[in-house]
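For reference, the structure is listed below as structure tokens.
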Amino acid sequence: MGPVNTRHHQKSIASVLAQETIQPIRWQYDGLKLLDQRVLPERVVYLNIDDVYATAAAITDMVVRGAPAIGITAAYGVVLAARQRYQEDPTTWRDNIKPDLRHLKYARPTAINLAWAVDHISRLIDTLTNIDPVPQLLAVAQRIHADDIAANRRMGELGAALIGPSSAVLTHCNAGALATGGYGTALGVIRAGVTQGRIAQVYADETRPWLQGSRLTAWELAQDNIPVSLIADGAAAWLMKQGQIQWVIVGSDRIAANGDVANKIGTYSTAVSAHHHGVRFMVVAPSTTVDMETASGDGIPIETRAEDELLCIGGKRVAPAQVSAWNPVFDITPAELIDVIVTEKGVVERPDRNGITRMMDA
Ligand code: MRU
């Protein structure tokens, strides 16, 4: 992160952000707007988010989701908190904002990007004097946002270069523009691969129970006229058995120092199936998703969400009344099942601690 932007530089970052065709997060008219991903694809609605507690609730409730997107949202949430606390008391705001930042940081536990963004911007707060902090913090949030899009475009090129002509690929969950600042990680590679003629066919797991695949991935690929075939999650192994796909391409919520990867529940079983069938497995994530403080996947907290996400569909209960459910929403894919991890800093084949360390130091 370079020095804080001038007003002109800030304006040009804002215009870069405005060029993205799918914008899950907007800073407009001095406020935060989030595309409500709970109601896509049926409705395209932006919610106005007025304060830091509403920002944290939007993250917990999955108005906005996807590791990079919740990190960026949190950065804007800090701007909202600073504006409020500075207006209340310009001399004590730096202390008064601390509980807000803690609350925001723990809105969801698995994606490290959320904690990364809050910690990054908190360190800047410690250096600010008693002038209005909003312009500086907003510049940093917009820089985090723009850097994420730039990283995605770079990863798109790096990842697509690994794919042979006319390949078929399978993706899981939504690691697209909706899950990031724009363009996407796994879907960034798919966008670049389709443009270059390397990818001829895209399959998307529907991704039970929240249906990120059928609701979000299918919607955003359709916006770009990229044909996609949905499959039930349980069909992935059978698709591989037919020799129908060459690559599985997914995002990540956190990559441990040894290359173990946390991602949407079902990623692990897809990786096991890919390994069994000789299908290659690619993880695409910005370096802000790499957590060098966590030695292996065993140290990554896995979020468990409400049973109703499994027991009900569209608000209507489908399981019998007396039945309970277990709903972990992420799993860990061990490094040995991964062929390649792509970040904007480079590509790590057969990831392990050495490879990840070299890539992060690059
Ligand atoms: O529960 P979600 O929808 O936030 O889970 C999202 C994922 O698992 C994504 O694959 C991951 O965050 C990478 S997004 C680029």
Problem - Condition met for D95 (acidic (D, E) and touching a helix residue (DSSP H, G or I) at 6+ places or on another chain (Cβ under 6 Å)) - result: no
Exercise for the section: Answer yes if at least one residue in the range 118-140 is away from the ligand (no atom under 16 Å from the Cβ), touching a strand residue (DSSP E or B) at 6+ places or on another chain (Cβ under 9 Å) and closer than 17 Å to G71 by Cβ, and no otherwise. Expected result: yes
Handout entry: Matching helices (runs of 4 or more DSSP H) fully within the range 15-98 where at least 2 residues are touching a residue at least 60 places away in the same chain (Cβ under 8 Å) and within 13 Å of the ligand (Cβ to nearest atom)
Key = 67-88
Handout entry: Enumerated strands (runs of 3 or more DSSP E) restricted to the range 177-283, each holding at least 2 residues that are touching a residue at least 24 places away in the same chain (Cβ under 8 Å) and either within 16 Å of the ligand (Cβ to nearest atom) or within 20 Å of the chain's Cα centre (by Cα) (or both)
Key = 199-205, 247-250, 254-256, 261-264
Completion exercise
A careful count of residues in the range 316-334 that are more than 18 Å from A67 (Cβ to Cβ) and in contact (Cβ under 8 Å) with a residue 24 or more places away in the chain gives 2
Practice task
Answer with yes or no whether S167 is surrounded by fewer than 24 Cβ atoms within 10 Å (Cβ to Cβ), within 30 Å of I231 (Cβ to Cβ) and away from the ligand (no atom under 15 Å from the Cβ).
Solution key: yes
Completion exercise
Filtering the range 81-92 for residues that are surrounded by fewer than 24 Cβ atoms within 10 Å (Cβ to Cβ) and touching a helix residue (DSSP H, G or I) at 6+ places or on another chain (Cβ under 6 Å) leaves a count of 3
Handout entry: Unique residue being out of contact with any His (no Cβ under 7 Å at 6 or more places or on another chain), crowded, with 24+ Cβ neighbours inside 10 Å and of a type in the set (D, E) when the list is D233, D205, D260, D224
Key = D260
Completion exercise
Over the range 59-79, the set of residues surrounded by fewer than 24 Cβ atoms within 10 Å (Cβ to Cβ) and either aromatic (F, W, Y) or over 23 Å from I255 (Cα atoms) (or both) is D61, V63
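No value in this document is a laboratory result; all are computed from the given coordinates. Note that the structure is a prediction, hence the values are computed from the model and not measured. Neighbour counts are summed over all protein chains in view; Cβ atoms, including those assigned to glycine, are modelled from backbone coordinates with ideal geometry.
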